[in-house]
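Here's the structure, in structure tokens; my notes come after.
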Amino acid sequence: MNVLFCSCVILINKSNEVLICQRPTGKFMQGFWEFPGGKVKNNEKFNFAAVREIKEELDVSIETKKLLFLMNIFYEYPEYFLSMQVYFTNKWQGRIKGMDNQKFKWIKSEALKDINMLPASKNIIKKILRNKKTIFSKS
């Protein structure tokens with residue numbers, strides 16, 4: 001089974017909402033919602049991949065030192081095994097826009113459990129909800 005290395009970022013706005021993006025039509029698990037991020041390239045560090053992917057997907061810039069590590073995720077999909085590092089921040093430059101014409105929205109963290117998120121995101125959501133005071137005060 002192939003291993004896919006990814007990173008994602010939980011972006012937090014001034015209203016303490018988190019950004020989620022909808023997977024576009026034609027992509028694996030289309031229509032599901034996810035935290036923005038993507039694949040780590042060969043010889044690329046996870047945090048640098050997170051910054052690059054956010055720029056490519058949302059056209060905003062994040063300094064790697066502004067990313068705060070949240071957790072590692074390991075999840076087995078039928079097609080591959082996912083190894084992902086998850087970060088969070090409330091510090092970025094630029095105005096968010098979907099560069100791949102994907103839908104995105106800001107939601108309160110409590111609403112995450114009611115959204116059709118990717119299966120690997122379930123443990124991220126649990127961690128966010130268990131550690132809300134820490135996450136939203138540090139970001």
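The values are calculated or read from the model by the stated rules, or taken from the named source; none is laboratory data. All of these numbers come straight from a predicted model, not from anything done at the bench. Because the Cβ atoms are built from the backbone with ideal geometry, glycine has one as well, and the counts that use them run over all protein chains shown. All accessible areas refer to the heavy atoms of the entire protein, side chains included, with ligands and DNA or RNA removed. Shrake-Rupley method; radii C 1.70, N 1.55, O 1.52, S 1.80 Å.
Checking each residue in region 33-56 for being assigned to a helix (DSSP H, G or I) and over 25 Å from K132 (Cβ atoms) picks out F48, A49, R52, K55, E56. Picking from residues in region 61-100 that are of a type in the set (A, V, I, L, M) and in a strand (DSSP E or B), the one that is farthest from M29 (Cα to Cα) is L68.
When region 71-106 is filtered for residues that are under 18 Å from I135 (Cα atoms), of a type in the set (A, V, I, L, M) and open to solvent by less than 20 Å² (accessible area, probe 1.4 Å), the ones remaining, listed by number, are I73, V86. Within the span defined as region 21-30, every residue fails to be within 17 Å of Q93 (Cα to Cα) and crowded, with 18+ Cβ neighbours inside 10 Å. Here T89 does not fit the description of being touching a helix residue (DSSP H, G or I) at 6+ places or on another chain (Cβ under 6 Å) and without any contact (Cβ under 8 Å) to a residue 40 or more places away in the chain. If you go through region 49-62 one residue at a time, how many are farther than 20 Å from N16 by Cα and loosely packed, with under 15 Cβ neighbours inside 10 Å? Residues that pass the stated criteria total 2. For region 92-102, the criterion of being aromatic (F, W, Y) and closer than 24 Å to K126 by Cβ is met by no residue. When L129, L11 are checked against the criterion of being out of contact with any Cys (no Cβ under 9 Å at 6 or more places or on another chain), outside any loop (DSSP other than H, G, I, E, B) and at pLDDT below 95, a single residue qualifies: L129.
When Q30 is tested against (1) closer than 25 Å to P78 by Cβ; (2) modelled with pLDDT of 95 or more; (3) not in a helix (DSSP H, G or I), just one condition goes unmet, and that condition is (2).
Tell me, yes or no, whether region 119-139 has at least one residue that is exposed (fewer than 12 other Cβ atoms within 10 Å of the Cβ), in contact (Cβ under 8 Å) with a residue 40 or more places away in the chain and farther than 13 Å from L11 by Cα. No, the conditions are met nowhere in region 119-139.
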